[in-house]
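Read-outs: derived from the displayed coordinates by stated rules, not from any lab. Here the structure is a predicted model, which is why all the values come from computation and not from measurement. Here the Cβ is made from the backbone with ideal geometry for all residues, glycine too, and neighbour counts use every protein chain on show.
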Amino acid sequence: MTPELLAMLGGGVSGFVFKFIAQQAQNQTRLFEQTIKKQETADASADAADKRGGAGGAWIRRFIVVSTMFAVIAAPFIIAFTDLGVSIQSNTSSFFGLFKGTKWDTVTGYVILPEVRQTALAIVGFYFGSSQVK
């Protein structure tokens, strides 16, 4: 191969590589600008939503937190001093499971449902998690 052909081939390859790198940098810049615009739009939308219903939503969330904490912490102690009964449903089966029925038992005390426990765990996790960020 002649030196002129090698120089032309090398120049073509290096020109392609540099043009490819410049195009990639330009694509990255364009992508970054689009991401910034998208984030600005999302921020503006969140600000508008906060202005529309921020105060009412905050009070509803506070009510849910207070209600759940009351159901988990205070209600068991209050109900313990009363003779209120709670009816609990249980499924029964007899004769090798061929006959199924429902049985109701009344117990004294307070029943904490699994949903209430999960809600309390989510609330505690959220508040402790958000306090770690600050």
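Residues that are part of a helix (DSSP H, G or I) and polar (S, T, N, Q) do not occur anywhere in region 94-115. Condition (residue is outside any helix (DSSP H, G or I) and more than 30 Å from Ile123 (Cα to Cα)) applied to region 24-33: is it met by at least one residue? No. May I ask you to list the residues in region 1-23 that are loosely packed, with under 10 Cβ neighbours inside 10 Å and part of a helix (DSSP H, G or I)? Passing the criteria: Pro3, Glu4, Leu5.
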